[in-house]
1. I need the GluC sites (Glu not before Pro) found in segment 48-98, filtered to DSSP loop residues with at most 15 other beta carbons within 10 Å of theirs.
2. Any idea what the alpha-carbon Rg over 2.2 N^0.38 Å comes to for segment 45-92?
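Just so it is clear, none of the values below were taken in a lab; they were calculated from the coordinates. These numbers come from a predicted model, not from an experiment. Virtual Cβ from ideal backbone geometry, glycine too; neighbours counted across all protein chains shown.
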Amino acid sequence: MKATVIGLGVVFVGLAVLLLVLIMTGGPKRTVSTAATPRAVTVEDLEFTIPRNSRVAEVFATGNRIILRVRLADGTERLYALDGETLKPLGSITVKVEK
């Protein structure tokens, strides 16, 4: 029993010393990764045309793709896929409701 109490006391004192050392030194140093550095981005004016009397209902971003959900004048919806870096159109899908 005496050995257990002494052992736990040593562990407790060791943890207290470790905590004090971390507080005094400011903790572990973190390095800045190279991925976090900003890169130069070229801004250019792009134009994307949607059909007349339609409106953009939602915009989604997934990975390196941007998805525009456009509600057309007749009530159907079209999904446009754009490249996330160049903003060039990749394709579209028209969603129609069966009558």
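1. Working: sites: Glu58, Glu77, Glu85, Glu98; in loops: Glu85, Glu98.
Here the GluC sites (Glu not before Pro) that fit, given the DSSP loop and packing criteria, are Glu85, Glu98.
2. Working: Rg = 10.8 Å, N = 48, 2.2 N^0.38 = 9.6 Å.
That works out to 1.12 for segment 45-92.
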